[in-house]
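Colleague: Below is one structure. I have some questions about it.
The values are calculated or read from the model by the stated rules, or taken from the named source; none is laboratory data. Here the structure is a predicted model, which means the values were calculated and not measured. Neighbour counts run over all protein chains shown; Cβ positions are idealised from the backbone, glycine included.
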Amino acid sequence: MNWLTPEQKRQIQVLASAKPEEETCGFVLADGSVVDVPNQAKNPTTNFEISPGDYVRAEICGIKGVWHSHLVFDGFSPLDQQVLAADDLPWAVYCLKSAKFHQCDPNGIAPLLGRPFCFGVYDCYSLVTDKLAELGVQLPAWPRGLYGEWNTKDFRPFDVQAENVGSPVTDGCHKEGDILLMNLGDHPGHTDHVGVFINHNQFLHHPAERESRIDRFGSWWKRKTRLVVRPDPLWSS
């Protein structure tokens, strides 16, 4: 996940700070050097766009990753996430207002805690998938659609998959690996968020637009939880 070196981060900060009125962008090349290229977006204060020609020139040297800056937004924007999820290169964004970096490497191994949200790469389902993989449980792949699809009334993949993954835990005796199916959004009656227990009263999850974290399974979360499912391989363990 954290693919930038401290020196590369310092160079990006310098380049971004030199143009505080627009998003800056560029590449980290295969040799480790950091380069900036012109932002071709029509509105460079809120978006960035790298020209095909600049990509071709960078590819001659080898591209290690793509970076850009945000003036205010602290994280990957919805548009960033849509593009990043279709790319196999690492990305990084530096926020001038918060002076924070967010990094994503689709080909790397990310820690379970503190991941930046990036739908299709780092999101609630990928976090549960990675945690259960540590326990020897493989969840089926979920082909993502459009950003924000989880907060629509007809979103049902989590509920459909639950029937194939395991069986409900009805006695309240939760254990590591049990999956929480929750509703946090604007449309009741379906699951729009998932998490996974790490012990009997704490669970790991990745809220939209926030870093992945651990929460205690208190009264508020109990009200938001529609179902707890234990994967089939864990019933006998």
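Colleague: Considering only residues that are at pLDDT 95 or above, assigned to a loop (DSSP other than H, G, I, E, B), under 15 Å from TRP150 (Cβ atoms) and not charged (D, E, K, R), which ones fall in the range 190-212?
Modeller: HIS190, THR191, HIS206, PRO207
Colleague: Hey, any hits in the range 143-154 for a residue that's in a loop (DSSP other than H, G, I, E, B) and within 27 Å of PRO233 (Cβ to Cβ)?
Modeller: Yes, the range 143-154 contains at least one residue that is in a loop (DSSP other than H, G, I, E, B) and within 27 Å of PRO233 (Cβ to Cβ).
Colleague: While we're on this one: Within the set of pairs 6 or more residues apart or between chains, which connect a residue that is at positive phi inside the range 106-119 to a residue that is polar (S, T, N, Q) with Cβ atoms less than 9 Å apart?
Modeller: GLY114/SER212
Colleague: Modelled with pLDDT under 95 and either closer than 23 Å to GLY148 by Cβ or in contact with a strand residue (DSSP E or B) (Cβ under 8 Å, 6 or more places away or on another chain) (or both): is that true of GLN103 in this structure?
Modeller: No; evaluated as a whole, the condition is false for this residue.
Colleague: Count, please, the residues in the range 2-18 that happen to be surrounded by fewer than 18 Cβ atoms within 10 Å (Cβ to Cβ), assigned to a loop (DSSP other than H, G, I, E, B) and touching a residue at least 24 places away in the same chain (Cβ under 8 Å).
Modeller: So the answer is 3.
Colleague: Just to be sure before I move on: is PHE117 closer than 30 Å to PHE203 by Cβ and either in contact with a helix residue (DSSP H, G or I) (Cβ under 7 Å, 6 or more places away or on another chain) or surrounded by fewer than 18 Cβ atoms within 10 Å (Cβ to Cβ) (or both) in the structure I sent?
Modeller: So PHE117 does not fit the description; no.
Colleague: Across the range 64-100, which residue is surrounded by the most Cβ atoms within 10 Å (Cβ to Cβ) among those that are acidic (Asp, Glu) and outside any helix (DSSP H, G or I)?
Modeller: Only one residue fits best here, namely ASP74.
Colleague: Hey, among the residues in the range 158-207 that are in contact with a strand residue (DSSP E or B) (Cβ under 8 Å, 6 or more places away or on another chain) and either among the basic types (Lys, Arg) or over 17 Å from ARG226 (Cβ atoms) (or both), which one's surrounded by the fewest Cβ atoms within 10 Å (Cβ to Cβ)?
Modeller: Among those that are in contact with a strand residue (DSSP E or B) (Cβ under 8 Å, 6 or more places away or on another chain) and either among the basic types (Lys, Arg) or over 17 Å from ARG226 (Cβ atoms) (or both), it is ASN201.
Colleague: Scanning for something charged (D, E, K, R) and more than 30 Å from PHE101 (Cα to Cα), does the range 204-223 turn up at least one residue?
Modeller: Among the residues of the range 204-223, at least one is charged (D, E, K, R) and more than 30 Å from PHE101 (Cα to Cα), which makes the answer yes.
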